[in-house]
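What follows is a single structure, written as structure tokens, with notes after it.
The values are calculated or read from the model by the stated rules, or taken from the named source; none is laboratory data. Everything numeric here is computed off the predicted structure, so don't read it as measured data. Here the Cβ positions follow ideal geometry from the backbone for every residue, glycine too, while neighbour counts run over all protein chains shown.
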């Protein structure tokens with residue numbers, strides 16, 4: 001349903017400042033893992049160009065699932081601002 | 001509170017149940033002999049009406065709802081919306097055809113399909129690790145808004161807005177072209193009418209309800225996309241191997257494909273065809289080198305052929321075929337050379353693309369390896385920096401929810417891509433075993449249908465004139481080949497409608513997100529920021545809506561005016577986004593020393609370097625400016641890999657600009 005706009009909806013200047021922090025260690029390791037997994041898997045495919053089954057089963061089917069697991073692992077960090085929200 | 005939480009899931013379950021019911025009903029209709037056009041048209045009409053109803057139901061004029069969906073979308077729903085936003089016409093429709101045609105590791109020169117698969121999925125890891133939580137925490141509305149606040153600079157926000165508009169526009173035109181293809185295929189309407197019909201659905205959704213409506217619609221579209229791809233994969237698997245596990249079915253088919261590919265590669269008829277094509281390419285090279293002389297010679301030859309045909313009482317069609325020769329038709333030398341170059345590209349593709357999933361004797365770390373790595377780099381960084389994907393980080397309530405939604409999105413995308421890559425393998429087996437080697441007069445029924453339909457998915461040219469189809473004779477239209485899967489694999493035509501509904505959902509959902517990004521950048525970051533900073537909220541929403549409609553119509557006009565290579569332009573959009581936004585976001589979020597001078601330099605340098613590389617290597621620009629690829633290609637990388645140069649340029653100048661401006 002349409003909702004009427006209220007005074008509080010106005011785009012008031014944001015009071016929050018944007019915090020600059022160091023890259024979390026887990027995220028850093030996640031990026032390293034992503035690079036190693038990607039370059040390693042593509043390298044494997046180029047090293048054995050005739051092994052189509054390897055390309056399909058490992059690179060096309062397994063690596064995306066590993067990315068998913070890596071992404072899940074990489075975000076397991078406690079955010080202090082979660083409670084505030 | 002409980003009502004709010006359970007309501008999204010009710011809607012999504014309802015859409016899932018509705019889709020399954022609709023498919024079953026249409027399957028019954030198909031068995032009962034209802035014409036295919038009616039069945040397909042039903043999918044089109046029902047899906048567009050469904051999306052429009054959701055849009056109308058979620059209409060809003062509240063800025064917080066219109067721009068960021070009230071910042072209270074749960075992680076799973078936001079993940080589904082992100083996945084639908086992400087799964088565009090190029091990746092949903094194009095990936096299967098790309099893997100089928102270009103193979104896994106490519107032809108030794110250009111990247112193969114694996115580079116797209118890895119780049120498009122791995123980028124979500126970067127998004128989750130680096131940006132999602134930080135963007136959510138900022139409580140901004142748009143990416144330019146975030147950057148403008150981070151650097152406390154209107155100039156940064158202004159430049160970022162133009163960057164977002166450019167990247168999203170390139171992407172949007174390709175999506176709208178995809179929408180037109182699918183809508184016209186489903187409805188039987190012309191391409192132009194298909195574009196405007198489907199655009200009506202997009203506009204009803206995003207125009208009325210902004211991000212709130214788009215989120216709900218994308219949730220439903222995600223269900224349609226996943227169900228259509230998974231069900232199609234299971235049906236093809238069942239048909240080919242007798243079980244519904246598509247990955248296993250594809251793995252079972254691989255040995256047979258490899259064996260058949262080896263036979264074809266050594267077949268004398270195939271080798272003769274390739275020789276004929278090579279000869280034609282050499283002739284074209286000679287013509288391109290001396291176009292004026294070649295045009296005169298060719299015109300005289302065509303004139304003689306036309307005169308002889310007329311004297312022999314040939315049909316009008318045969319005469320028109322002769323007159324279709326570009327040397328006869330084109331008056332401009334530039335356009336003639338362009339036509340010859342395009343013909344040469346098609347011929348080159350015919351002989352260089354792999355028969356199986358890689359060209360034979362592909363050894364060593366060749367140019368294809370560097371191009372693949374370059375493309376993966378651009379696609380990953382582009383995924384993590386596309387404004388219409390990044391903006392979804394604002395719609396969840398907490399940073400952790402934003403990160404979790406990225407994992408949900410990746411899970412859904414991976415599910416679709418696993419099916420797409422397995423389908424590519426299964427389709428290849430049909431092409432190699434049923435089509436290659438068949439007589440031109442006795443083609444498989446699906447080949448005839450794919451050739452003759454209004455939106456041709458296949459063309460065959462008998463280069464060696466032996467009346468038999470060789471692999472090099474076949475041209476598959478990768479961008480939308482997947483739409484022909486039900487015909488190729490002989491499953492019910494209802495799956496054509498289901499698949500096209502999924503493809504339409506993919507293109508519409510991405511177009512929705514892009515339209516919102518562009519219109520919000522125009523209204524919020526450019527107009528209100530400079531002209532009316534104190535404008536009331538209702539006025540902001542109204543202007544955004546008007547601009548959204550204008551942008552949609554402009555993009556539709558552009559897409560209907562010229563053919564667009566969906567995959568090429570989408571990939572270029574990734575390189576542009578990676579170069580423009582990745583350096584400034586990375587340094588801006590994680591380096592305290594980054595200042596506004598560095599931010600401006602990072603964005604300008606990344607965008608300029610990337611845009612230059614794409615433009616300078618575009619055949620149209622090369623023809624106009626008389627450039628040669630050898631002068632404009634750097635390190636042998638394809639134009640779509642422009643981000644390989646743009647991102648380091650952005651990082652370097654961002655760093656140097658910040659350091660030097662502080663010391664000055």
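Miscellaneous remarks
- Scanning the range B:461-483 for residues that are within 16 Å of residue B:428 (Cα to Cα) and in a strand (DSSP E or B) gives B:474, B:475, B:476.
- Top-ranked residue in the range B:341-357 [being in a helix (DSSP H, G or I) and over 13 Å from residue B:472 (Cα atoms); ranked as nearest to the other protein chains (Cβ to nearest Cβ)]: B:345
- Filter result for residue B:156 (buried (at least 24 other Cβ atoms within 10 Å of the Cβ), assigned to a helix (DSSP H, G or I), more than 18 Å from the chain's Cα centre (by Cα) and more than 8 Å from chain A (Cβ to nearest Cβ)): yes
- Looking only at the range A:17-38, and only at residues there that are facing chain B (nearest Cβ under 7 Å) and in a helix (DSSP H, G or I), the one that is nearest to residue B:372 (Cα to Cα): A:38
- Selection count, the range B:379-408, where residues are in a loop (DSSP other than H, G, I, E, B) and within 13 Å of another protein chain (Cβ to nearest Cβ): 3
- Considering B:181, B:238, the condition of being buried (at least 24 other Cβ atoms within 10 Å of the Cβ) and under 30 Å from residue B:358 (Cα atoms) is satisfied by B:181 alone.
- Annotation: of all residues in the range B:195-220 being more than 17 Å from residue B:517 (Cβ to Cβ) and modelled with pLDDT of 80 or more, the one that is surrounded by the fewest Cβ atoms within 10 Å (Cβ to Cβ) is B:196.
- Residue within the range B:413-420 that is more than 7 Å from every other protein chain (Cβ to nearest Cβ), surrounded by 24 or more Cβ atoms within 10 Å (Cβ to Cβ) and farther than 30 Å from residue B:474 by Cα present: yes
- The set of residues from the range B:433-453 being closer than 22 Å to residue B:102 by Cα and either touching a strand residue (DSSP E or B) at 6+ places or on another chain (Cβ under 8 Å) or buried (at least 22 other Cβ atoms within 10 Å of the Cβ) (or both) comprises B:435, B:436, B:437, B:447, B:450, B:451.
- Test: residue in the range B:358-378 that is away from chain A (no Cβ under 14 Å) and either in contact (Cβ under 8 Å) with a residue 24 or more places away in the chain or crowded, with 21+ Cβ neighbours inside 10 Å (or both): no
- Yes/no for residue B:443 being at pLDDT below 95, away from chain A (no Cβ under 14 Å) and more than 30 Å from residue B:262 (Cβ to Cβ): no
- Which listed residue is in contact (Cβ under 8 Å) with a residue 60 or more places away in the chain and either over 29 Å from residue B:97 (Cα atoms) or within 12 Å of chain A (Cβ to nearest Cβ) (or both), from B:576, B:516: B:516
- Residue within the range B:3-14 that is in contact (Cβ under 8 Å) with a residue 60 or more places away in the chain, touching a strand residue (DSSP E or B) at 6+ places or on another chain (Cβ under 9 Å) and part of a helix (DSSP H, G or I) present: yes
- Residues of the range B:240-247 include at least one that is more than 14 Å from chain A (Cβ to nearest Cβ), assigned to a helix (DSSP H, G or I) and at pLDDT below 95.
- Of all the residues in the range B:127-145, those that are outside any loop (DSSP other than H, G, I, E, B) and facing chain A (nearest Cβ under 7 Å) number 6.
- In summary, residue B:591 fulfils each of the numbered conditions (1) under 16 Å from residue B:639 (Cβ atoms); (2) out of contact with any helix residue (DSSP H, G or I) (no Cβ under 6 Å at 6 or more places or on another chain) with the single exception of condition (1).
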